[in-house]
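Structure, as structure tokens:
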Amino acid sequence: MNKNTDHLQELAYIRSMMENSSRFISLSGLSGVAAGIVALIGASVVYLYLGISPFSTKKWYHTENLNYEKWGMDSSTFFVLVMAAVLGLAIVVGYFFSHRKAKKAGQKLLTKASLKLLNNFLIPLISGGIFCLILIRHGHFGLVAPAMLIFYGLALINGSKYTLEDIRYLGIAELFLGLLSAWFLGYGLLFWSIGFGVLHIIYGLRMYFKYDKT
């Protein structure tokens, strides 16, 4: 009986090792929380720039809003700079916390699994980024936030097979929120704040208590 139990434990261990080698498991929940906070700060800066509240009925999807100017910058330049800053800070904090988790667990951050994750994640993300720049170029501000959420959700779903399964559910939530944002056109910044800010914080905390905190 003991031999059978030991054999089953060995098989379970081998299976676990194989799954870990094919998946990037050093993704930190705290990186999601930090990225969410960065996104909310970025959204707050945009709200200040536009001079509206999150629940304002003022719509921002008309072409004439391309000529809106404040703080010495036109709206299109400002939005691109904010998006770049949020993305850059999110990458930095994501790398920091994930590297710290990998180091603590005695694992490498750059593995075949992490490179596959990055490759599958970046294809939809870069495509979505270019598409959003095209939308901004033509003044279709109302479609930028929905497009960002949709492409980001697709990127998470596409890369989820190489990391924790929870990422797939986050991707589905982001995708749904993007479609909802496209339906309620004009409230894109609010949906963007919920998707990139609130959802990241919720899922980040869930992943932290589920995987990180031992």
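Coordinate-derived values only; no laboratory data. None of these values were measured; they are calculated from a predicted model. Positions of Cβ are generated from backbone atoms using ideal geometry, with glycine treated the same way; all protein chains shown enter the neighbour counts.
Which order results if Tyr208, Tyr203 are arranged by neighbouring Cβ count within 10 Å, fewest first? Please report the intermediate quantities before stating the final value.
Details: Tyr208 18, Tyr203 21.
Least crowded to most crowded, the residues run Tyr208, Tyr203.
How charged is the neighbourhood of Leu199? Take every other residue with its Cβ under 13 Å from the Cβ of Leu199, and add Lys/Arg as +1 and Asp/Glu as -1.
Numbers: positive: Arg206; negative: Asp166, Glu174.
Net of charged neighbours comes to -1.
If R0 is 35 Å, the Cβ-Cβ spacing of Leu179 and Arg100 corresponds to a FRET efficiency of close to 0.50.
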